[in-house]
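Novice: Pasting a structure below so you can have a look.
Computed from the coordinates by the stated procedures, all read-outs in this text should not be read as laboratory data. What you see is a predicted model; the values in this text were computed from it and never measured. A quick note on method: Cβ atoms are made from the backbone with ideal geometry, for glycine too, and the neighbour counts reach across all protein chains shown.
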Amino acid sequence: MGKRTLALELAKALNNESRRTEASNHPDVRVVNLAYQADLRKEPVEKQINLRIETILEERRRLLQSAVEGGWKVLILDDAHRLTADAANVLLKILEEPPENTAIFLLTPYRDRLFQTILSRCQPVRFGSLRDEDMNRVLERGGIAAEARTRLIELALGSPGRALHMSREEELQAAREAEETWETAADLTPAHILRGGKGSRPGRVDIEQKLRHLLTPAMRALRTGETSAGAPVRLIESALAQLRQNVQPALVYENLLLQLSKTR
């Protein structure tokens, strides 16, 4: 079970309700992430880089009100490391004096990027990678066909949430393309990379997805003892950091491919 899955299961248990929580339409349970913020601001997801103060202020107003159905109010803050300093300060005030019957879950794969003041008021729960047999059981319960499970387990690196997300055909295709890019990176020439960047330019979300998919084979190589994979992993993580700093997405990706062609 992954971070988001566990948070949703706890939300169901707190309010003794499953169907609407799973469908994201329970009035007292809310998942706040970049997609939610984009909808709130009536903007494309591609324009969302950080979780802004206005988004957290909106949540603060909701949490200070009584629960619509009289149970628990639940906030699941996904990618909490994306909070701006101002947004984190607003959240800190909620954590310092949480309203009655309120549960707040902060989810992030990057604990070190959270503000220390936020961390000091949370109870950390660490998640390790699941074993293959546990992953198989999760995917089986999720209705994933047996022939697809083996490949998903290999690609997801012990993350059930990632595997379930990748079970969609378009995600599987993106993962295949990332695997191909990883295998052929050494053969990429500057002319090939720049030629591939012509035409419609992918947005920030598309490039971030490409980078995260590319990180999977790089991390797998590193975990299986391929020490030379350390440099590519650092390059991909650096590229993800550049995206958060508002660097032009297509340039970030092209520059990464140029660097990978030299290190692979």
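Novice: Please list, in chain and number order, the residues 5+ apart from residue 32 or on another chain whose amide H is under 5 Å from its amide H, with Hs placed from the backbone.
Specialist: Those lying under 5 Å, H to H, from residue 32 are 76, 77, 78.
Novice: Give the aspartates and glutamates whose C-alpha is closer than 18 Å to that of residue 47, dropping any in the same chain fewer than 8 places away, or say none.
Specialist: Output for residue 47: 39, 78, 79, 206, 208.
Novice: Another question, if that's okay. Compute the signed sum of charges (Lys and Arg +1, Asp and Glu -1) over the other residues within less than 13 Å, Cβ to Cβ, of residue 112. Spell out each step's value before the answer.
Specialist: Numbers: positive: 111, 113, 126; negative: 237.
Local charge sum for residue 112: +2.
Novice: Here's another thing I want to ask about it. In the chain, which whole DSSP H runs stretch at least 18 Å along their own axis (Cα) and average 0.0 or higher on the Kyte-Doolittle scale?
Specialist: Details: long enough: 3-15 (19 Å, 0.05); 169-184 (22 Å, -1.60); 204-223 (28 Å, -0.42); 230-244 (22 Å, 0.45); 249-263 (21 Å, 0.41).
Going by DSSP H runs, the hits are 3-15, 230-244, 249-263.
Novice: Quick check on the exposure proxy: order 40, 152 from fewest to most C-beta atoms within 10 angstrom. Could the numbers behind the result be given before it?
Specialist: Details: 40 15, 152 24.
The fewest-first ordering by Cβ neighbours comes to 40, 152.
Novice: Counting only helical runs of four or more DSSP H residues, what would the 222 nm mean residue ellipticity of the chain come to if each run contributes -39,500 (n - 2.57) and the total is spread over all its residues?
Specialist: One gets -17500 deg cm²/dmol as the mean residue ellipticity at 222 nm.
Novice: I would also like to ask the following. Could you order the peptides 231-240, 18-27, 205-214 from most to least packed, using the average number of other C-beta atoms within 10 Å per residue?
Specialist: Values: 231-240: 17.7, 18-27: 13.2, 205-214: 19.8.
Highest-to-lowest ranking by the protection proxy: 205-214, 231-240, 18-27.
Novice: Among 98, 84, 221, whose Cα sits farthest toward the positive end of the charge dipole of the chain (+1 at Cβ of Lys/Arg, -1 at Cβ of Asp/Glu, about the Cα centre)?
Specialist: Towards the positive end, the residue furthest out is 84.
Novice: What pairs from 42/73; 73/93; 3/42; 210/262; 12/73 go past 21 Å between their alpha carbons? Spell out each step's value before the answer.
Specialist: Working: 42/73 25 Å; 73/93 17 Å; 3/42 28 Å; 210/262 19 Å; 12/73 11 Å.
Listed pairs above 21 Å: 42/73; 3/42.
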